[in-house]
1. Can you say whether Ile137 is in a helix (DSSP H, G or I) and surrounded by fewer than 18 Cβ atoms within 10 Å (Cβ to Cβ), as far as the supplied structure shows?
2. For segment 343-362, give me each residue that is part of a helix (DSSP H, G or I) and open to solvent by 30 Å² or more (accessible area, probe 1.4 Å).
3. All but one of (1) closer than 30 Å to Pro136 by Cα; (2) open to solvent by 10 Å² or more (accessible area, probe 1.4 Å); (3) aliphatic (A, V, I, L, M) hold for Ile365, so report the exception by its number.
4. From Met399, Met427, Met423, grab the single residue that is touching a Pro at 6+ places or on another chain (Cβ under 6 Å) and in contact (Cβ under 8 Å) with a residue 12 or more places away in the chain.
5. Those residues that are hydrophobic (A, V, I, L, M, F, W, C), surrounded by 18 or more Cβ atoms within 10 Å (Cβ to Cβ) and out of contact with any Ser or Thr (no Cβ under 6 Å at 6 or more places or on another chain), I need them from segment 305-331; list them, please.
6. Would you check which residues across segment 400-444 are closer than 12 Å to His309 by Cα and either polar (S, T, N, Q) or touching a Leu at 6+ places or on another chain (Cβ under 9 Å) (or both) and list them?
7. Quick one: in segment 455-473, of everything that is at pLDDT 80 or above and farther than 30 Å from Pro431 by Cα, which residue is farthest from the chain's Cα centre (by Cα)?
8. For segment 114-123, how many residues meet the condition of being open to solvent by less than 60 Å² (accessible area, probe 1.4 Å) and farther than 18 Å from Val157 by Cα?
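The values are calculated or read from the model by the stated rules, or taken from the named source; none is laboratory data. Note that the coordinates shown come from a computational prediction; the quantities given were computed from them, not determined experimentally. Cβ sites come from the backbone with ideal geometry, for glycine too, and all protein chains shown count toward neighbours. All accessible areas refer to the heavy atoms of the entire protein, side chains included, with ligands and DNA or RNA removed. Shrake-Rupley method; radii C 1.70, N 1.55, O 1.52, S 1.80 Å.
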Amino acid sequence: MTEGNNMPENDAAGTNETPAGSEPAKEKRPVEEQDEEKEKTENKENGDSKVDIPEKSEGLGAKEEVEFVHPEGGWGWVVMLASMWCNGSVFGIQNAFGVMYIYLLQEFGSVEDKDLQFRTSWVGSLSMGMIFFCSPIVSIFTDMLGCRIIAVGGAAVGLVGLLASSFVTSLGPMYFTYGIVFSCGCSFAYQPSLVILGHYFKKRLGLVNGIVTAGSSVFTIAMPFVLSGLLKNLGLYHTMRVLCILMLVLMLAGFTYKPLLPVKPKDSQTGSSHLKQIFNVNIWKSWGYRIWAFGIPAALYGYFVPYVHLMKHVEERFGKDTNKEVLLMCIGITSGIGRLIFGIVADYISGVNKVFLQVASFFVIGLMSMMIPLCNVFGGLIAVCLLMGLFDGCFICIMAPIAFELVGAKDVSQAIGFLLGLMSVPMTVGPPIAGYLRDKMGYYDMAFYLAGVPPIIGGALLCLIPWVEAKHKRREKKEAVKGEQDAAQKMMNHGKAQEVVQHKAGESVL
């Protein structure tokens, strides 16, 4: 009987026993199987049956996800240069619209025509606004089709729009060709250039974003001089055709965007689950991202006011002969320097604490906006613009790294897209409100004072993000510990149940 009880535990030993010892074993095994099947059936009826294999497979999947190693270089440097070209060409052309603005007035009417000035200015405003307004749509297509296809296709559309604009002979079609087609193409080309960097860099992501955004700053400084020379020598339409070369190179640069991150698994289900795959609702489950996505647009209601109205304020305060272009150059140069410096600094700040750099940027820019009316000496304005440009570069270069920290690399596309889409509203509304205040009051002082308030409020809101994220991590840790304890308890209960089954089986044999 003892040998019979030990048989299932040691099959090798049982093979050397006598037939008499093996007969009880033959009787016992069917009894054990019946009892185990009975126990499984009872557990299923009570709804307690839980299989640990899927949990294990999920753990393995998570392990594989964590073990993905970013190259931190290699082909990534080529991707960085392509992304820098994208940022530079897109925003270099957009920011230099003021140079083309005069030639558009001359081509379609008179420079002195006030009504034509208003209608022509909407071409540039529509173009810049559409780049950000289309971003949520771009992010969805980027998740569905990938960075390379969207970037190349967007650059091709932008090329067609800019080339078509060079054949337009009236202002109406220009709204469509330049304000919509060209700008939508730029939007589809621009956003993948931010997302793809996270496939190649993690530790150096701040530095890389600093270099990429500094490239756009270099283009912004150089493009007005280049365009002025082209417009004087070639005219408006031939200049647009020359700019098409930039878009052609941008289209070729998009082919370098080779994705590396694992593709998220897709559900075969339809209906709401399929809709959730298209619209990534996971990003809105993060309270940190919610605060970030609404705090930054809140700050931008006053952020761009100095960039739009500073030149006119200088004319009114210091006269039309003042070399006001120096101020824009100061902002552009220090913005490029700030993007490099703070991009490097961001790599040494862990996790979501990078958001404190944006908080500092908003506080400084808000205070500098309020100080503009207090500067009665032109040198004071230069100092204000130097600081404003430095922290403008800080704000811009760490947007993508913060998005990666808040939602992760796989969800970052729509996180950036929806943020840029929300940014389009204050960028469009803020400067006209400041212009309205100037028209009503006769001077810009109050407009600049009020413009400094939203950045400070937005910066204060962003201070909540690290606290919210730390609280969320503590809750997740507690839930993980509790889950492990529950799993251990279930394993112990299961082990006790098995012992009881084996004991009953032994008694039945006896």
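1. Spelling it out, Ile137 is indeed in a helix (DSSP H, G or I) and surrounded by fewer than 18 Cβ atoms within 10 Å (Cβ to Cβ).
2. Ile344, Val345, Asp347, Asn353, Phe356, Ala360
3. (2)
4. Result: Met423 is the single residue among Met399, Met427, Met423 that is touching a Pro at 6+ places or on another chain (Cβ under 6 Å) and in contact (Cβ under 8 Å) with a residue 12 or more places away in the chain.
5. Within segment 305-331, Val305, Leu310, Leu327, Leu328, Cys330, Ile331 qualify.
6. Once the filter is applied, which keeps residues that are closer than 12 Å to His309 by Cα and either polar (S, T, N, Q) or touching a Leu at 6+ places or on another chain (Cβ under 9 Å) (or both), segment 400-444 yields Gly430, Ile433, Ala434, Leu437, Tyr444.
7. Looking at residues that are at pLDDT 80 or above and farther than 30 Å from Pro431 by Cα, I get Lys471.
8. The number of residues fulfilling the criteria is 4.
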